[in-house]
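Peer 1: The following block contains the structure, expressed as structure tokens.
The values are calculated or read from the model by the stated rules, or taken from the named source; none is laboratory data. This structure is a prediction, so every number in the text was calculated from the model and none was measured. Heads up, the Cβs are rebuilt from the backbone with ideal geometry, glycines too, and the neighbour counts pull from every protein chain shown.
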Amino acid sequence: MPVVAINNTSVHYQQLNETGKETVILIHGMFSNLAVYYFNIAPLLAQRYRVVMYDMKGHGMSSRVTAGYDLQAMADDLLALMKALDITSAHLVGYSFGGLVALKMAMLYPQCIQKLGVIEGPDPADKEALKVIETYSKDFLVHYVNTFTDNAIMKMGKRQLEKNHRMYEFLFNETTIRADMQAEHAFFTAGGVDAIGHTTLLLYGRQSNCVAAGEKLHQMIKHASMLLIEGDHNVPLQQPLVIGNALTAFFDN
């Protein structure tokens, strides 16, 4: 299990196609882990790119910490990971809360980012959308536990995801993650998002409660395009091939 020590935490990561000329870093959402990409989306991207996935602190197989889940801290963790893996610049893809981390990276460290892919990035000011995301995060874990039962590799995934369900309870009940997310309520309006100059692809589920957030980002980010895909906030699980192919085409152009 590859682990790197950054900012006083141990971060678990995985890589595919390490010799790829360009790098794509995949950021998962809150209360989930890198498995959201590992089985479908990452292998598609790895046909052409070096792909790096990691478990954010407190998630998956990374260290448990009780605080430091604000976007500044998460972006700083990602920058430290890039330095540890000798990545000077990369394309970023973030799902849900991870999409906000990707946007924050583009705001703080634009020189380190090439293109941005944001999947279902929510508006932190939308309390109802955040409630839906918490529910979908539980569904994410249940979906994988119920699905990955057919062979040895998937049973390993099942055991790990059952462990991650316990991790969810830790994050939800014993850390500052919800408070830190609520403190980002002015993220869309405080300035900075509208200054992002990176070419950006916004991917949202057509039936998602977060579509309005995507439309706001589409208006705010100068070089953004938006694609609606059949599905809801769980669209990476529902349409992984569509998303993987859309991202590959976007990074190729």
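Peer 1: Taking Gln207 as the residue in question, decide whether it is at pLDDT 95 or above, over 23 Å from Cys112 (Cβ atoms) and in a loop (DSSP other than H, G, I, E, B).
Peer 2: When the stated conditions are applied, Gln207 passes them.
Peer 1: Where residues in segment 99-125 are assigned to a helix (DSSP H, G or I) and under 16 Å from the mean Cα position of the chain (by Cα), which of them is nearest to Ile243 (Cα to Cα)?
Peer 2: Ranking the qualifying residues of segment 99-125, first place goes to Gly99.
To keep it simple, each residue is scored yes or no on (1) among the aromatic types (Phe, Trp, Tyr); (2) in contact (Cβ under 8 Å) with a residue 60 or more places away in the chain; (3) outside any helix (DSSP H, G or I).
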{"residue": "Arg178", "(1), (2), (3)": "no, no, no"}
{"residue": "Glu184", "(1), (2), (3)": "no, yes, yes"}
{"residue": "Phe188", "(1), (2), (3)": "yes, yes, yes"}
{"residue": "Leu201", "(1), (2), (3)": "no, yes, yes"}
{"residue": "Ala212", "(1), (2), (3)": "no, yes, no"}
{"residue": "Leu217", "(1), (2), (3)": "no, yes, no"}
{"residue": "Leu227", "(1), (2), (3)": "no, no, yes"}
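Peer 1: Now a separate question. When you go through (1) exposed (fewer than 15 other Cβ atoms within 10 Å of the Cβ); (2) of a type outside the set (A, V, I, L, M); (3) modelled with pLDDT of 95 or more one by one for Arg159, which number turns out not to apply?
Peer 2: (3)
Peer 1: Which of the residues spanning segment 212-225 are aliphatic (A, V, I, L, M) and over 17 Å from the mean Cα position of the chain (by Cα)?
Peer 2: Residues satisfying the conditions are Ala212, Met220, Ile221, Ala224.
Peer 1: Looking only at residues in segment 196-206 that are of a type outside the set (A, V, I, L, M, F, W, C) and under 16 Å from Tyr95 (Cα atoms), which one is surrounded by the fewest Cβ atoms within 10 Å (Cβ to Cβ)?
Peer 2: The selected residue is Arg206.
Peer 1: Taking the criterion of being small (Gly, Ala, Ser), modelled with pLDDT of 90 or more and assigned to a loop (DSSP other than H, G, I, E, B), would at least one residue in segment 191-198 satisfy it?
Peer 2: Yes, segment 191-198 has at least one match.
Peer 1: Within segment 51-91, restricting attention to residues that are basic (Lys, Arg) and part of a loop (DSSP other than H, G, I, E, B), which residue is nearest to Asn173 (Cα to Cα)?
Peer 2: Arg64
Peer 1: Which condition number does Tyr54 fail, the rest of (1) modelled with pLDDT under 95; (2) farther than 23 Å from Met220 by Cβ; (3) touching a Phe, Trp or Tyr at 6+ places or on another chain (Cβ under 9 Å) being met?
Peer 2: All conditions are met except number (1).
Conditions (1) in contact (Cβ under 8 Å) with a residue 40 or more places away in the chain; (2) surrounded by fewer than 23 Cβ atoms within 10 Å (Cβ to Cβ); (3) among the charged types (D, E, K, R), marked per residue:
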residue: Met56; (1), (2), (3): yes, no, no
residue: Ser62; (1), (2), (3): yes, no, no
residue: Asp77; (1), (2), (3): yes, yes, yes
residue: Ala84; (1), (2), (3): yes, yes, no
residue: Val93; (1), (2), (3): yes, no, no
residue: Phe97; (1), (2), (3): yes, no, no
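Peer 1: If only one of Leu16, Leu45 is surrounded by fewer than 21 Cβ atoms within 10 Å (Cβ to Cβ), modelled with pLDDT of 95 or more and over 16 Å from Ser96 (Cβ atoms), which one is it?
Peer 2: When all the criteria are applied, what remains is Leu16.
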